[in-house]
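Just so you know, all these numbers are worked out from the coordinates, no wet-lab data involved. All values reported here derive from a predicted model rather than from experimental measurement. All Cβ positions, even for glycine, are placed from backbone atoms using ideal geometry, and neighbour counts span all protein chains on display.
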Amino acid sequence: MSAAGAPQGTRPPMGGTARSDARGGRANSDAGIAVVIPAYNERATLRQVALGALAHSSLVIVVDDGSTDGTADVVSDLPVVMLRNPKNEGKAATLWRGAQEALSRGAKAVCTIDGDAQHDPAEMPKLFAAHRESPGSIVIGARLLPLSAVPRARYRANQLANFGIGWAAGYRIADSQSGFRVYPADLFERARVRHDRRASFVLESEIIIEAARFGVHAVCVPVTVTYANPSRKSHFRPVVDIARIVRMLAARLLARGLNLPGLLRSLQVRPAKAIPPLPGTGR
Ligand SMILES: Nc1nc2c(ncn2[C@@H]2O[C@H](COP(=O)(O)OP(=O)(O)OP(=O)(O)O)[C@@H](O)[C@H]2O)c(=O)[nH]1
Ligand SMILES: [Mg+2]
């Protein structure tokens with residue numbers, strides 16, 4: 001990652017004594033879970049997402065990815081950690097930077113939520129509860145997608161991604177593309193995944209596959225999703241971004257001799273249960 005702007009404002013490390021904030025941050029019952037919000041030109045929605053996140057975590061990190069619409073300004077009065085990429089580096093680099101910041105502040109887990117308000121921060125407690133039950137797993141907020149609300153091509157692309165990523169990871173995944181997740185923080189130390197600009201929308205797929213190599217699986221929790229923000233177009237470019245995901249998948253599958261056992265497991269009807277990593281085996 002290239003050099004990026006320094007954090008604006010400082011907050012105590014997680015697990016420190018300050019558990020509430022005079023400017024609106026709230027003491028939380030989920031100490032240790034930092035929230036990372038990637039934001040690229042999200043002026044219209046970032047504030048409501050950040051306020052929602054502050055209600056559930058004492059460490060909210062916003063990473064402004066070279067926005068040109070004054071995105072950072074809308075949260076300048078909130079008790080969030082603001083990181084700014086001087087230029088647009090893509091979602092992967094942005095998430096990675098936020099997660100590294102969370103790690104450096106002692107977070108035990110990292111909740112990611114998109115800045116476009118498609119996810120509802122009020123549903124964080126549901127994800128946090130699943131994390132507490134299964135702290136070694138990735139918790140994914142699986143979007144309840146009413147068919148009528150999603151463009152058909154997008155729905156099919158998601159289904160295809162779920163199939164391919166489930167195959168490579170070796171278990172069935174209900175929603176491999178949701179940006180609303182809780183990760184064990186140490187995954188961002190252990191995982192060998194691309195997080196450069198070209199990996200923009202690939203990281204969230206690749207990290208599921210990489211984590212499976214350590215025996216870290218994803219558990220899905222249903223969440224709502226809205227496509228009702230007409231103020232901006234999606235940053236997801238169907239052709240380029242899907243091609244990049246397919247390329248990553250092909251490389252991962254070839255590296256594992258096509259992983260046919262994984263394909264069979266991923267076709268089982270019941271989603272695999274989270275399993276803890278096997279100590280010392282790396283699998
Ligand atoms: N940092 C960074 N974040 C981005 C970039 N593109 C998108 N994001 C952020 O990533 C999140 C998801 O981006 P979206 O464009 O909403 O992609 P999506 O949710 O997969 O697509 P839609 O379902 O169409 O909204 C948002 O919080 C964006 O601000 C980018 O180039 N850099
Ligand atoms: Mg979105």
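At full extension, Glu189 and Ala122 could sit 21.3 nm farther apart than now, given 0.36 nm per residue minus the alpha carbon distance. Using only the Cα atoms of the stretch 153-214, each taken as one equal point scatterer with no solvent, compute I(q) by the Debye sum, divide by I(0), and report log10 of the ratio at q = 0.12, 0.28 Å⁻¹. Normalising to I(0) and taking log10 leaves -0.29, -1.36. Annotation: extensible slack from Tyr155 through Arg265 equals 37.3 nm (criterion: 0.36 nm per residue apart, minus Cα-Cα distance). Provide, for q = 0.29 Å⁻¹, the log10 of I(q)/I(0) from a solvent-free Debye sum over equal Cα point scatterers in the stretch 43-105. Treating every Cα as an identical point scatterer, log10 I(q)/I(0) equals -1.38. Take 249-255, 127-133 and order them by the average number of nearby Cβ atoms within 10 Å per residue, most first; the result is 127-133, 249-255. The stretch 30-74 and the stretch 95-163 have Cα centres spaced 14 Å apart.
By how many nm would the segment from Ala250 to Asp196 grow when fully extended, if each residue of separation counts as 0.36 nm and the alpha-carbon distance is taken off?
Working: separation 54, 0.36 × 54 = 19.44 nm, distance 1.87 nm.
So the extension gain works out to 17.6 nm.
Working ranking of peptides 157-170, 190-203 by packing, defined as the average number of other Cβ atoms within 10 Å per residue, highest first, is 157-170, 190-203. Shown here: the stretch 33-266, whose C-alpha atoms stretch 52, 37, 32 Å along the first, second and third principal axes, sorted largest to smallest.
Given a Förster distance of 30 Å, report the FRET efficiency between Ile242 and Ser104 from their Cβ-Cβ distance, rounded to the nearest 0.05. The pair Ile242/Ser104 has a calculated efficiency of 0.35.
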